[in-house]
Amino acid sequence: MSTTTGKRIYRAATPEEKARHKQIREQVQEELPELKQRARQILVEIVHQEVTLQQIIDLLKAERIKQGLSLSALKESTGIDGSTLAKLESHEDANPTINTLTLYAEAVGKKVLVVLANAND
């Protein structure tokens, strides 16, 4: 099987393109502080939602089912024992490791993010 790769062709930007690129960079720099502030506010709202571990597992299971993945397919892609996965989804294993959740999440195209916040926030 042969593969061909194309050549990259570079050309100098025209003065109009350079001016437009400069304008876009300036606009991004101007809007960036507000975007960062909005992102921080959204993160605070997410942290205060206090999603339970069971809800996270239910979301992962729903995503697995949505993608049409069986437990055996999940077992193959994660390396996690099938009975462990079944117990996890039925909430019999109420204390999975972060590694287990991470492997499961990656298998369904998701990420596990852990946020540490002050208790009085």
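Bear in mind that the values in this text are calculations on the coordinates, not laboratory data. Here the structure is a predicted model, which means the values were calculated and not measured. Because the Cβ atoms are built from the backbone with ideal geometry, glycine has one as well, and the counts that use them run over all protein chains shown.
So for the chain, averaging the separation of alpha carbon pairs under 8 Å that are six or more residues apart and normalising by length, what relative contact order in percent results?
20
What angle do you read, to the nearest 10 degrees and between 0 and 90, between the alpha-carbon axis of helix 53-66 and the longest principal axis of the chain?
Once rounded, one gets 70 degrees.
What's the exposure ranking of Asp58, Asp81, going from fewest to most Cβ atoms within 10 Å?
Asp81, Asp58
Over the alpha-carbon set of the chain, work out the extent along each principal axis and list the three values in angstrom, largest first.
On the principal axes, the chain reaches 65, 59, 22 Å in Cα extent.
For Leu116 and Thr14 in the same chain, what is the full-extension length gain: residue separation times 0.36 nm, less their Cα-Cα distance, in nm?
Additional length available on full extension: 31.9 nm.
Which one of Ser70, Thr84, Ile57 is farthest out on the positive end of the charge dipole of region 53-107, using unit charges on Cβ (Lys, Arg +1; Asp, Glu -1) and the Cα centre as origin?
Ser70
Mind checking which of Pro33, Pro15, Pro96 has the largest fluctuation in a GNM of the chain, springs on alpha carbons under 10 Å?
Per the Cα network of the chain with a 10 Å cutoff, Pro15 tops the list.
Evaluate E = 1/(1 + (r/R0)^6) for Ala39 and Ala62, where r is the Cβ-Cβ distance and R0 equals 22 Å; express this FRET efficiency to the nearest 0.05.
Calculated value: 0.25.
What are the lysines whose alpha-carbon lies under 29 Å from the alpha-carbon of Lys61, with same-chain residues fewer than 8 places away excluded?
Partners within reach: Lys75, Lys87, Lys110, Lys111.
Quick one: putting +1 on the C-beta of Lys and Arg, -1 on the C-beta of Asp and Glu, what dipole do you get for the chain around its Cα centre, in Debye to the nearest 20?
840
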